[in-house]
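Before any comments, here is the structure.
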Amino acid sequence: MFDFGDFYQIIAKNKLNSWLEVLPAQLANWQKQNLDSRVNQWLNSIKHLPAITPNQLDLLHSVTATMVQPLSTGEQQRISQLLKNMLPWRKGPFHLYGVHIDTEWRSDWKWERLINHIASLEGKMVLDVGCNSGYHLWRMIGAGAKLAVGIDPMALYLCQFEAIRKLLGNDKRAHLLPLGIEELPKLNAFDTVFSMGVLYHRRSPLDHLLQLKDQLVNGGQLVLETLVIDGKEHQALMPGERYAQMRNVYFIPSVPTMINWLHKCGFSEVKVVDISQTSLDEQRQTEWMTSESLADFLDPNDLTKTIEGYPAPIRAVFTATK
């Protein structure tokens, strides 16, 4: 199925080498558990994508690959259809040789909100926890990271990542591993760790923060983006069965509470660098994600509330130092 040999060779030569004690067995076990017809169909789509090396690759301002000699309309349609075999595409967008993957989320907007407020990624090793299809991994490479590692246990996201990687010329600076944060040993090796849109899905948010801390070098930076509520210190929302139609939302803190949590976990230099209301332009239905989206999750008579009556999604970005 998936060959992680290149990644093993890379980390054997850097401070991630201790990971090799457990990683190959973990990934082999994951592959055994994810042998099904859907994965085989997605792998078949990747196989039939053309092996292209772009003449121009822009990862600094977007994820855009172009050729001096443009692909024909037929070639573009073939690529588009192969990629649409992997619907839904949630995080992006991607611009590949005239094919525009218009994802559910405008993840580039989130990136623009945080990139000027974080430590330089130049020459750094970075980890993105819950990376989805890996859009932000490519933006991290564009910002100068020498190695960007994403983890997300969903098979679809790994296939989407590998499809994009193939269309970017089989770039080996970014890698996605189908793991959850709880499966990682205490590596203490990454210069920057990102956790974006994950914390509120964790039953124990402080345990999640400690797991993230265990991946950082001393002095390394955590970049955390999560849902927040308007409230005072010690306040947090614990939704009922659903929040904005999501079943697995456990705790949504106020900004002061989130800052307190980070301090309790031993982080220093804690800052909130952005607070933004999620708009219907940032998360929406597209031809690449045709099921329900944010507009369906809000009260049609009051867009400041979710359909369940909770405050509509507000997201904040925090930085902190180990």
Search result, residues across the stretch 83-96 that are more than 18 Å from the chain's Cα centre (by Cα) and surrounded by fewer than 20 Cβ atoms within 10 Å (Cβ to Cβ): LYS84, ASN85
Residues (under 22 Å from SER18 (Cβ atoms) and hydrophobic (A, V, I, L, M, F, W, C)) located in the stretch 174-205: ALA174, LEU176, LEU177, LEU179, ILE181, LEU184, LEU187, ALA189, PHE190, VAL193, PHE194
Residue in the stretch 272-295 that is nearest to the chain's Cα centre (by Cα), counting only those that are under 30 Å from GLN77 (Cα atoms), open to solvent by 20 Å² or more (accessible area, probe 1.4 Å) and of a type in the set (D, E, K, R): ARG284
Answer from GLU269, GLU241 - the residue that is within 20 Å of PHE194 (Cα to Cα), open to solvent by 60 Å² or more (accessible area, probe 1.4 Å) and either in contact (Cβ under 8 Å) with a residue 12 or more places away in the chain or assigned to a loop (DSSP other than H, G, I, E, B) (or both): GLU269
One residue from LEU176, LEU121, LEU127 being open to solvent by less than 20 Å² (accessible area, probe 1.4 Å) and either among the polar types (S, T, N, Q) or out of contact with any helix residue (DSSP H, G or I) (no Cβ under 7 Å at 6 or more places or on another chain) (or both): LEU127
Single condition HIS263 does not satisfy, out of (1) in contact (Cβ under 8 Å) with a residue 24 or more places away in the chain; (2) outside any loop (DSSP other than H, G, I, E, B): (1)
Residue count for the stretch 284-322, restricted to those that are charged (D, E, K, R) and in a helix (DSSP H, G or I): 1
Any hit, the stretch 6-14, residues being surrounded by 11 or more Cβ atoms within 10 Å (Cβ to Cβ), more than 28 Å from GLY92 (Cα to Cα) and touching a helix residue (DSSP H, G or I) at 6+ places or on another chain (Cβ under 7 Å): yes
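The values are calculated or read from the model by the stated rules, or taken from the named source; none is laboratory data. Fair warning: this is a prediction, and the values are worked out from it, not measured in the lab. Here the Cβ is made from the backbone with ideal geometry for all residues, glycine too, and neighbour counts use every protein chain on show. Remember, those area values only see protein heavy atoms, side chains included, never the ligands or the DNA or RNA. Shrake-Rupley method; radii C 1.70, N 1.55, O 1.52, S 1.80 Å.
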